[in-house]
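Here the structure is laid out as structure tokens; the discussion comes afterwards.
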Amino acid sequence: LGLEIARRLIGRGYEVALTDVDEGNVAAAAEELGERAWSLPLDVADAQACRVAADRIVERSGSLDVWVNNAGILITGPSYEQVIEIHMRMLEVNAIGTYNGTLAAIEKMRGAGGGHVINMVSLTGLATAPGIVGYAASKHAAMAFSIGTLADLRRAGIRNIHISTVCPDG
């Protein structure tokens with residue numbers, strides 16, 4: 001999904017920084033997409049790393065117009081059979097990673113006069129199903145954060161930064 005999002009953004013004229021925790025994987029993906037793409041290793045669960053990534057994007061590209069939070073992990077199984085560390089890891093990547101990326105992007109967009117954050121949430125951010133309860137809970141959190149943060153921006157009179165959620169189904 002991330003590769004196709006990047007491909008479409010490039011097709012619309014954007015320079016795209018692809019990120020992933022797997023440095024080799026993300027470098028190969030950027031190479032596949034050509035000269036308008038470049039790779040940047042990133043662990044979205046690390047707030048400081050997200051801020052540094054946003055800084056590097058602005059330094060290299062001159063602006064940060066669109067930020068897509070697409071990182072996510074899904075570990076299936078009955079919730080009561082999963083150790084808490086599995087639930088915590090899904091929350092860390094799927095929810096906290098979305099918070100970290102959104103906040104890093106907003107910081108740059110406020111200074112630049114606007115932009116658009118797109119959070120890939122999942123249909124499970126709206127309704128859960130058996131066997132993916134921990135995943136759904138993390139996506140519910142990402143949805144609530146996205147909607148609430150947009151409301152906070154609007155309440156503060158900030159109308160030039162947009163937050164969208166996308167809820168694909170497998």
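Remarks
- Inter-site label distance for L126 and V58 at 7 Å from Cα along Cβ, in nm: 3.4
- Peptides 24-37, 140-153 ranked from most to least packed, by the mean per-residue count of other Cβ atoms within 10 Å: 140-153, 24-37.
- Spin-label model distance (nm) - A47 vs H162, 7 Å beyond Cα toward Cβ: 2.8
- Rolling a 1.4 Å probe over the protein heavy atoms gives the chain an accessible area of 54 Å² per residue.
- Mean projected area of the convex hull spanned by the Cα atoms of the range 50-170, taken over all viewing directions: 7.6 nm².
- In the range 2-83, the portion of solvent-accessible area held by carbon and sulfur atoms comes to 46 percent [1.4 Å probe, whole percent, DNA, RNA and ligands not counted].
- Dipole magnitude of the chain about its Cα centre (Cβ charges: Lys, Arg +1; Asp, Glu -1), debye to nearest 20: 800
- Theoretical ellipticity at 222 nm over the chain - DSSP helices of four or more residues, -39500 (n - 2.57) apiece, nearest 500: -15500 deg cm²/dmol
- The spacing between the range 110-170 and the range 1-69, judged by their C-alpha centroids, is 19 Å.
- L1-R155 pseudo-label distance in nm [points 7 Å out on the Cα-to-Cβ vector]: 2.8
- Its relative contact order, with pairs defined as Cα atoms under 8 Å and 6+ residues apart, puts the chain at 20 percent.
The values are calculated or read from the model by the stated rules, or taken from the named source; none is laboratory data. Since the structure is predicted, the reported quantities are computational estimates derived from the model, not experimental observations. Heads up, the Cβs are rebuilt from the backbone with ideal geometry, glycines too, and the neighbour counts pull from every protein chain shown. With ligands, DNA and RNA removed, areas are computed over all heavy atoms of the protein, side chains included. Shrake-Rupley method; radii C 1.70, N 1.55, O 1.52, S 1.80 Å.
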